[in-house]
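The values are calculated or read from the model by the stated rules, or taken from the named source; none is laboratory data. Predicted model only: the values in this text are computed from it and were never measured. Note that each Cβ is placed from the backbone with ideal geometry, even for glycine, and that neighbours are counted across all protein chains shown. Calculation scope for accessible area: heavy atoms of the full protein, side chains included, ligands and nucleic acids excluded. Shrake-Rupley method; radii C 1.70, N 1.55, O 1.52, S 1.80 Å.
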Amino acid sequence: MRLTQSMCTIAECAPGGDACPAAAAAARPRLVKIAVVGGSGVGKTALVVRFLTRRFIGDYERNAGNLYSRHIQIDGEMLAIQVQDTPGVQVHEHSLDCNEQLNRCIRWADALVIVFSITDYKSYELLSHLYHHVRQLHPGNTVPVVIVANKADLLHIKEVEPQHGLQLANMLGCTFYEVSVSENYNDVFNAFHLLCKEVSKQQTTSTPERRRTSLIPRPKSPNMQDLKRRFKQALSAKVRTVTSV
Ligand SMILES: Nc1nc2c(ncn2[C@@H]2O[C@H](COP(=O)(O)OP(=O)(O)OP(=O)(O)O)[C@@H](O)[C@H]2O)c(=O)[nH]1
């Protein structure tokens, strides 16, 4: 996995940037851009890292949002997946406190994961706000969205019944996954897998013009340092307890 660039540089690769020559573009794997959004501490970073590396990061470090990229084979097709982790969102006076960076990430994405934690009712309340915000920034209702209820291993301290997440997801027309990033890789993979398939399907049926605008230059500044440091921390922590969450 490569940590490729920080969130603030996304604008540089936004749709409409330099188009690649047709031959070079044809040789490249299809690009799928996924943004992960949700409240603070719900496990967005842990989810992204779990999907891309199969590892669980047990430490908590508030982050400003990083873009991760990796080539991954899904249903026999090699895809270049970019996953944008984003800072935790909050609600202020019944409306979302979304800054322009976050809005840019949402617009940039081909698909979104909205995450909440079953141990945090406020993060659940954010769901529908976030969903409607995404739809506003992606008018046309085509961008695939999945809702992920995380921390399913912490049922003893749950504040949200998982079935309430499912009901809300059904109401919003989203696919729902209940996962424990800490304990289960497969459910995490399935959520991303579904989005990749949806995006891939959309790109296949979209016009050449639409496909060309979704091709963006490869990020220029790979930086492994942040991930290496967090992996080291994760590996050195021999026992993670619930209180460390
Ligand atoms: N028990 C348990 N802990 C989890 C799970 N997923 C994440 N965590 C922990 O929850 C804490 C927050 O996880 P992060 O991935 O940093 O959360 P985040 O949403 O990126 O947080 P922000 O950067 O503040 O937006 C970390 O200590 C994780 O180890 C899970 O499935 N189960």
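Structure values in brief
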| quantity | calculated |
| --- | --- |
| Residue tally, condition in a helix (DSSP H, G or I), in contact with a helix residue (DSSP H, G or I) (Cβ under 7 Å, 6 or more places away or on another chain) and closer than 15 Å to G173 by Cα, over the stretch 134-150 | 1 |
| Tally, over the stretch 151-179, of residues that are within 16 Å of the ligand (Cβ to nearest atom) and either open to solvent by less than 10 Å² (accessible area, probe 1.4 Å) or assigned to a helix (DSSP H, G or I) (or both) | 10 |
| Those residues of the stretch 180-190 which are open to solvent by 20 Å² or more (accessible area, probe 1.4 Å) and either touching a Lys or Arg at 6+ places or on another chain (Cβ under 8 Å) or of a type in the set (A, V, I, L, M) (or both), in sequence order | S182, Y185 |
| Whichever residue in the stretch 22-36 is among the basic types (K, R) and not in a loop (DSSP other than H, G, I, E, B) and, among such residues, is farthest from N103 (Cα to Cα) | R30 |
| Contacts under 9 angstrom Cβ, first residue in the stretch 67-78 being among the polar types (S, T, N, Q), partner open to solvent by 60 Å² or more (accessible area, probe 1.4 Å), 6 or more apart | S69/R2; S69/R218; S69/P222 |
| Sole exception among (1) of a type in the set (S, T, N, Q); (2) under 21 Å from V48 (Cβ atoms); (3) more than 16 Å from the chain's Cα centre (by Cα) for T142, by number | (2) |
| The lone exception for T53 - which of (1) closer than 22 Å to V145 by Cβ; (2) of a type in the set (V, I, T); (3) modelled with pLDDT of 90 or more it fails | (1) |
| Residue in the stretch 37-94 that is farthest from the ligand (Cβ to nearest atom), counting only those that are among the β-branched types (V, I, T) and in a helix (DSSP H, G or I) | T53 |
| From the options D110, D59, residue that is in contact with a helix residue (DSSP H, G or I) (Cβ under 7 Å, 6 or more places away or on another chain) and either modelled with pLDDT of 90 or more or under 17 Å from F176 (Cα atoms) (or both) | D110 |
| Of all residues making up the stretch 104-122, the number that are in a helix (DSSP H, G or I) and open to solvent by less than 20 Å² (accessible area, probe 1.4 Å) | 3 |
| E125 more than 22 Å from N186 (Cα to Cα), open to solvent by 70 Å² or more (accessible area, probe 1.4 Å) and in a loop (DSSP other than H, G, I, E, B) | no |
| Flag if L137 is open to solvent by less than 30 Å² (accessible area, probe 1.4 Å) and aliphatic (A, V, I, L, M) | no |
